[in-house]
Structures are given as structure tokens and as C-alpha cells.
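Student: Handing you this structure, nothing more for now.
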Amino acid sequence: MNAKDILLQFKNGLFDRNPLLVQVLGVCASLAITTTVSNSLYMGLAVTAVLVCSNLLISLLRRFIPEQVRIAAYIVIISGFVTIVEMVMNAYMPSAAAKLGIFLPLIVVNCIILGRAEAFASKNTPLPSIIDGFAMGAGFTIALLLLGAIREILGSGSFFGIQLFGQSYTPIGILTSPPGAFMTLGCLIALIQYLKDRLQSKTKASADQTHKDVKNKEVEPNDL
Amino acid sequence: MNVKKNIAETVKIVLPLFLICTLMVFLIAICNAVTSPVIERNKQKTFDRSIATLFSIASTEKLKVEKLSFPSNAPATLISAHRIYNEDLPIGYLMEVDGIGAYSGKIRMLVALDCSGRIIDLLCSEQSETPGKGDRVLNAQFYSEHYIGKSSQEISVSPYPALSGSTKTSDALYSAVNTALEGYALLSNDATGGPS
Amino acid sequence: MNEERKENTLLQVSSAPHIRSHDSTQTVMLDVIIALLPLLLWGCYIFGMRALTVTLITVFSSVIFELLFNLITKKTITVLDLSAVVTGLLLSYNLPHTIPFWMPVLGAFFAIVPVKMLLGGLGKNLVNPALAGRACLLLSFSSAMTVPPVLTRLDLFESYLPGDALSGSTPLYTVLSPAEDGSSISTELLFDMFIGNESGTIGEVSALLILLGFLYLLLRKVVSWHIPLSYLGTVAFITLLFPAEGVERFDVVYMLAHLFSGGLLLAAVFMATDYVTSPITPKGRIIFGIGCGLLTVIVRYCAGNEGASYAVLTMNLLVYFIDKITVPRPFGAALPKLKIKKESKPQ
């Protein structure tokens, strides 16, 4: 475990394998709550917290969990941590918890968390698992913040609840509604694919050496 | 032999799962012990604060709230009713009501009434109306124009409070206020819990 | 242009069919524009010159967005087929003349770029671009998209200040919420609706001119009768036999008021008949029209709003399936198995 690996993991989480924009996981909650930037931030932090805790525990118990019931075991662990996060938020950030509403407990079924448990934490030691949780959580949070920022600025004319434009500004209401969420997400996915293509052709041109695969044994989380 | 092996297999699977469950329950229990008093206090605080704003009282220290039970023929949209005391003097009633027929879902209103059944103030505690359209009627200006300071009779004779483009939300608000006033009337007829 | 010259100079050997129509996208679109123009003139007459400004802005921005998209993606320039002009015209006909000038630009962008060009341009779009643009604007700016209840005339660049619009209602609203005392819609109001002497969006008010446009398109064989007639027939049938509460059955005035009010006629004649987003076979077209009619009446009855645009949009999405179930039997192809069995039984 050296600095280069950690950097690679973060690059994966933020860009190459961004959970929302590249793997397109956890879309339901993302589309529903990103009407404002502050909601996106709270959601991203809650998911990151659950992701880090569940990754840690699952990787600690990875030899203890029987193969046949691993999904059930993961779900028990994940839902436990989601309950804990929900309690903590209700106690110390009641307004944020009220805003997220039903989508806070629904983190249990967020595919990112189960996906990382299955694809990474169950096959790696605790330290890389924690780092993976942070990296993926950061990638998810940043994607949510982007979505939330675009939707809040154009859709309600504010940022973090602060009105940006004067009274004369008419917000584009469709962006705060579900079709607007789909369109914004589509545009962001298109953008990141474009960037990836550009980057790939650049690296190909500069060096013949093929891109080294991730060192850690990672499986593509299919049909999760 | 085979049976024994099967049982051993099953135990091998079930036992770890059981232990994991126990561990998680233990963690949740610890968390609950820490957070539940805080959550309870938060709830009480928000309730007190909304009462304070509704009845415009500066400090919530001498506030006393008595939950009232209403008769069985009360409308289903009447969620709860409280009698509010400040410094041991009854200052009015707080009705929690749902307005039905709103544009999207329901709206939940807190309606503060004084002892004679006049509306002191309104507060919307739950709504999901269209921002900039339906929620135009859920604000202090609209309330004060059409509802505040009025009694049941006055509301029934004054012009119908609605904004064009927000008719449905206006209807829901109207139904909520009427339910609250109806609840007050029911309570005042009821000798045990009533204001008379 | 180039293709035409090639056609004339080169001897072509091609497989059947050898009869070719001289119609191109351009001529078809030109016919549609000719059918649409009287509506614009009427709109300018009834709403003042601001209607013209809104229309010009929408048309120009539609064309410019298509041109820009062509240039940026380095594809062939397709603006000369005039489809962008038709999209712009139809979109502006669906807008109230009081709308702020920048909103039609956004609507045109939505109609042209995401709805039409990103899916591959004309012929590949799933839904009618003009209607999608209108839906986008309606979802975004519901108050600016609300038609002023009273007929207001505005000059070229005059901006509209919504007053206390608490009273008054558009004819459509009068139709949708029948008077409580049971009195039906007056014949004068019906006549106004037919002529177009009422408030509404720029191009929807005059039923007479829309029907004349329809007649022109029929005579030029640009559209077939199937979709508009089955669409309007369904609406007429339902409003005649199952009118809203408070209206007597077989009230012809009520039925006609339903047909002439709102954007129903405009949608039935010009939007639902869009080649790209309507079924190919006559049978499919009739199913499409009936579906549109049903949805329109359901929205009008249940939501108290004009449902024509959403009805057509919804049915547009179902065109693929309608086409699939109404595929005609190719000439010489075997009959379906079931029929063959029946024929072979007597032997």
C-alpha cells in the first residue's frame, strides 16, 4: 500500500469509475434529492459515511462471512449502518434529515454500497477498503454536487439557498422536476464520456504503454 | 451421519449470520441510547418553537401544553388538538390539520386559535406544492389578508380566498382552516374538554 | 439541388418501384407553411403585432440552432429542408403572445437540439419537436405560459404586465367547467370560438382557418384524413355521449365547443399528422387518432386542463408499437398459419 495506489484509487472513484456518472449506480436517490446543493451535500456525506463503515466491517469479517449468505450478511451490515447514520442525523442535523426524508433510509438499497462491498471490500484488507469507501463516496458526492448545483442555480436561481439573481430572474422550473434531473444527468454523463475519450486518445498518443489495470482485484459489479 | 453433516453445514452458515446480526443490533442499540434523548428534545423544541411563533410568545419556558381528545365524530383530517397555557393561563388552542385537495399530495397546517375561536396565526408544517405557484398561498401575507384575526362566521361571509393559478392549493388551505374551526366547535360543545 | 441534377444527367438503373414522387421534404414543408401562414396573420390581427415578434423569434432561433448544431457536429446542413421553420412556427402557435421574448428561444433550443438533432435529426425524432418544446416551457414557466383570460392586444415589443387576473376565464375553461345553474354555452361564444375572436395561444384560436389549412393539405395530398378525423371523431363521440357532469347528453353545442376550444384542432391537424411521429399504415393512423382523442378528453375531464399536446406526445411514443401490430401483409407472402389450417380442413 503506497501513495501511488491510494492516488489510483481516488482517481478511480472520482473519475474513471465514478459511481454515478460512469457506473450509473444509485440513480434513483440521486435524481430525487439533487434539487438543491445542500441536499446533495448531505446525501453525499451520508452515503460516504455508510460506505466507509460498511466497507471496513465487511473487509474485517471477509473470512468469517459464509459464501452462501454473503449478500444477506452485507445487507444486514449496511442497513445497520444506515440506521445509525439516520439516528445521528436526526439527532444532530434534524433539518437535513427532514429534507432528505425517505431517501435517507433508502440508502440501504443504494447499489453503490452493496456494489463496493461485493466488488472490493470482500476481497481486500481493511485499509484499502476504507480508502475505497472514501474515494467512491467522494466521487458520488462530487457528482451529486454537480447535479445539484446545475439544478439549483438554473432551476431556482439560488446556490446553497442564497438567491443569486434579482427578482427579475425567472427560474427554469423544469430543472427542479424529475425530467430535468434525467436531462441534467444525461448531459453530465455525456460530458464525462467526452472527457474520458479525449484523455484516452491523448494518453495513447503520448505513450504506447497500455494503461495498467487496477492492482487490486476488482470485479465489475454487474446487475446489482 | 448425513443428517449430522447437514446440520453442521447449516450451523456453519447460520451462526455467522446470527453473530453479525447480533453485532449490528448491539451497535444500533448503543447509538439509540446516545441519540434518542437528543431526538426527543429536538422534537419538543421544534414543537415549542412553532407554538411560540404562532402565539407570538417570547420565551417557551412557562409554556404548558395539554393534549385534548376530541369526539369520535371529528373529521379524519383533524390530526391533533392541544390547549396551550402560558403562565398557567389558557391562551388558546393549537389544531394540527390536513388540507385535502391540494395540487400535489396534502398540506399539513398548524392553526392557532384564541380562546374565542379566532385565528391567531397559521403555519404550514408539510407541503409539496409547486414552488413559485402553489406555495404562493402558504405564506404570512396571504394568511394575514384572508384568515388571521377572523372567526368561523367571518370567514364564511368574506370572499373566497383564492389566487388564480393556485386554486387547488387555496382550496386545500381553506379546507384545512375550516377543519380546524370545526374541531374548535366540536371541542366547545364537548363539556369535558371544551373551552366553555 | 445536386441530387436533382444527377437525376437528370445520369441514367439510373434501380430496382422497383420505378414510379417516383416529385415531393421532397422541402415541398411538403412548404405546403405546411402555406397552410399555417393564415393562422399567423389572424393571430397578428387579434393579438396585435407582438404575436408576429414572438413567431419570428421562435422561427429564427429554431433555424439558427439547427444550423449551429450542423456546423458544430460537422454534419450536412439540413436547414434548407424547412423542417426547422415548421417546428418554429408550430411552437410559436402554441405560445401565448404575452410570453417574455427569451422563453421561446429556450423552447426552440429544447425542440431542436435535444428532441430532434441529438436523436439524429429529422426522421429520427421520437416525439413532435414543437410539442416537446411547448411541454418543456409549460413545465418550466407555468405562469408565463398561462394565456391571459381577457383578449389583450399588444404592440411589437410591448411587454405584458399581468394584472390582478382573478376574474375572467378563457373559452376553454368555460367549456371545461360548466356553469352551475345548468345553462349551456351560448351560440355567440361558439361562433366566436369558430371564427377565433377569443383569447388563446397565437395559432390555436381560429377553428375556421385551421380547418381551411387542413383542407389545403388534404387537396395537396400532404396529409391523409385518417388521423385528424379519427382524433376529432373520438373527442366528438365522447363529449356527445358522455359529457361532463352538469351537461345533458347529446348537447351538440357542448360537443362543438369542445372541438373548437383550446389547442385541439391545431394539434389534430398539424401536430398529430407529423410524418415522422405518426404511424405509417391507415389502420395504425386510426388507432393513433383514437388514442389521442381518448387521452385528450381524459385530461380535459379529470385535470381541467387542455390535454391535446400531452395526448399527442404520449401517442407519439407509442407509434413504434402501433406500427408493429399493423404491419400489412407483403404481396405474395404466406398467410398467417391459423388461416391456412382452416383452409386445409375440408380436404
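Student: For the ranges C:73-84, C:227-238, C:196-207, C:37-48, what's the packing order if you count other beta-carbon atoms within 10 Å of each residue, average per peptide, and put the highest first? If you can, show how the numbers build up before the last one.
Tutor: Details: C:73-84: 16.1, C:227-238: 21.6, C:196-207: 24.7, C:37-48: 19.2.
Highest mean packing first, the order is C:196-207, C:227-238, C:37-48, C:73-84.
Student: Local charge sum around C:PRO243 (other residues, Cβ-Cβ under 14 Å, Lys/Arg +1, Asp/Glu -1)?
Tutor: Values: positive: C:ARG249, C:ARG300; negative: C:GLU245, C:GLU248, C:ASP251.
In short, -1.
Student: Determine the shielding of peptide C:137-150 by partner chains: average, over its residues, the number of Cβ atoms on other chains within 10 angstrom of each Cβ. List each step's numbers first, then the result.
Tutor: Values: counts 3, 2, 10, 11, 6, 6, 9, 1, 0, 3, 0, 0, 1, 0.
What the average comes to for C:137-150 is 4.
Student: Shielding by partners for A:66-75, please: the mean number of other protein chain Cβ atoms within 10 Å of each residue's Cβ.
Tutor: Per residue, the average neighbour count from other chains is 3.
Student: Still on this model: Between the alpha-carbon centers of the range C:32-50 and the range C:215-276, tell me the distance in whole angstrom.
Tutor: The two parts, judged by their Cα centres, are 21 Å apart.
Student: Arrange C:LYS283, C:LYS124 by Cβ neighbour counts within 10 Å, fewest through most, would you?
Tutor: Working: C:LYS283 15, C:LYS124 11.
Going from least to most buried by this count: C:LYS124, C:LYS283.
Student: While we're looking at this one, here's another question. Just to check I understand the Karplus step: with θ = phi - 60° and J = 6.51 cos²θ - 1.76 cosθ + 1.60, what whole-Hz values come out for the range C:275-292, glycine and proline as x?
Tutor: 4, 5, 10, 10, x, 8, 7, x, 4, x, 5, 5, 4, 4, x, 5, x, 4
Student: Within chain A, which complete DSSP H helices have Cα atoms spanning at least 20 Å along the helix axis and a mean Kyte-Doolittle hydropathy of -0.5 or higher? Show your work: numbers first, answer last.
Tutor: On the way: long enough: A:37-60 (34 Å, 1.65); A:70-92 (33 Å, 1.53); A:126-156 (42 Å, 1.32); A:178-206 (42 Å, 0.19).
Flagged H segments are A:37-60, A:70-92, A:126-156, A:178-206.
Student: What does the C-alpha gyration tensor say about the overall shape of the protein assembly as shown? Classify as rounded when a/c is under 1.5, otherwise prolate if a/b is larger than b/c, or oblate. Before the final figure, lay out the partial values.
Tutor: Working: a/c = 1.91, a/b = 1.16, b/c = 1.65.
Taking the square roots of the gyration eigenvalues as a ≥ b ≥ c, the protein assembly as shown is oblate.
Student: Which order results if A:CYS111, C:CYS292, A:CYS53 are arranged by neighbouring Cβ count within 10 Å, fewest first? Don't skip to the end; give the middle numbers.
Tutor: On the way: A:CYS111 18, C:CYS292 31, A:CYS53 21.
So the ranking, lowest neighbour count to highest, is A:CYS111, A:CYS53, C:CYS292.
Student: Suppose every K and R has +1 on its Cβ and every D and E has -1 on its Cβ; what is the size of the dipole of the protein assembly as shown about the Cα centre, in Debye to the nearest 20?
Tutor: Approximately 3440 debye in magnitude.
Student: Beta carbons within 10 angstrom, averaged per residue: use that to sort the peptides A:86-99, C:249-262, A:127-140, highest first.
Tutor: Ranked by mean Cβ neighbours within 10 Å, highest first: A:127-140, C:249-262, A:86-99.
Student: Counting other beta carbons within 10 Å of each residue's own, what order do A:THR48, C:THR98 fall into, fewest first? Can you show the working numbers first?
Tutor: Values: A:THR48 20, C:THR98 23.
With the sparsest Cβ surroundings first, the list reads A:THR48, C:THR98.
Student: Taking the alpha-carbon centroid of each part, what is the distance from the range B:78-154 to the range A:49-70 in angstrom?
Tutor: One Cα centre to the other: 49 Å.
Student: Net charge within 14 Å of C:VAL269 by Cβ-Cβ distance, Lys/Arg positive one each and Asp/Glu negative one each, not counting C:VAL269 itself? Please report the intermediate quantities before stating the final value.
Tutor: On the way: positive: C:ARG220, C:ARG285; negative: C:ASP31, C:GLU204, C:ASP274.
Local charge sum for C:VAL269: -1.
Student: Measure nothing fancy, just the Cα-based angle from helix B:167-189's long axis to the longest principal axis of chain B, in degrees from 0 to 90, nearest 10.
Tutor: 90
Student: Place a +1 charge on the Cβ of each Lys and Arg in the range C:209-283 and a -1 charge on the Cβ of each Asp and Glu, then give the dipole magnitude about the Cα centre in debye, rounded to the nearest 20. Display every interim value, and only then the final one.
Tutor: Working: 4 positive and 4 negative charges, 80 e Å.
About 380 debye.
Student: Amide H neighbours of A:PHE159 under 5 Å, at least 5 residues apart or on other chains, H built in the peptide plane: list them.
Tutor: Those qualifying (amide H under 5 Å, at least 5 residues apart or on another chain) are A:LEU164.
Student: So, one more: For B:144-154, what's the mean count of beta carbons from other chains sitting within 10 Å of each residue's beta carbon?
Tutor: Numbers: counts 0, 0, 0, 0, 0, 0, 0, 0, 0, 0, 0.
Averaged over the peptide's residues, the number is 0.
Student: What net charge is computed for the residues neighbouring A:ALA190, neighbours being all others with C-beta under 15 Å from the C-beta of A:ALA190, Lys and Arg scored +1, Asp and Glu -1? Numbers along the way, then the final one.
Tutor: Details: positive: A:LYS196, A:ARG198; negative: A:ASP197.
Value of the local net charge: +1.
Student: Here's a follow-up. Can you find, among B:TYR184, C:VAL54, C:PHE109, the residue sitting farthest towards the positive end of the charge dipole of the protein assembly as shown, where Lys and Arg contribute +1 and Asp and Glu -1 at Cβ?
Tutor: So the residue furthest toward the plus end is C:PHE109.
Student: For A:ASP5, put the label point 7 Å out on the Cα→Cβ axis and report which residues of the range A:120-157 keep their amide N under 17 Å from it.
Tutor: Counting only backbone N, you get A:120-136.
Student: Working from Cα positions, state the angle (0 to 90°, nearest 10) between the long axis of helix B:2-54 and the longest principal axis of chain B.
Tutor: It works out to around 20 degrees.
Student: Using helices alone, what [θ] at 222 nm do you get for the protein assembly as shown, with -39,500 (n - 2.57) per DSSP H run of 4 or more residues, divided over all residues and rounded to the nearest 500?
Tutor: Dividing the helical sum by the residues of the protein assembly as shown leaves -18000 deg cm²/dmol.
Read-outs throughout are calculated quantities, based only on the coordinates presented, and are distinct from any laboratory measurement. Note that this is a predicted model, so its numbers are computed, not measured. As a convention, Cβ positions derive from the backbone with ideal geometry for all residues, glycine included, and neighbour counts pool all protein chains shown.
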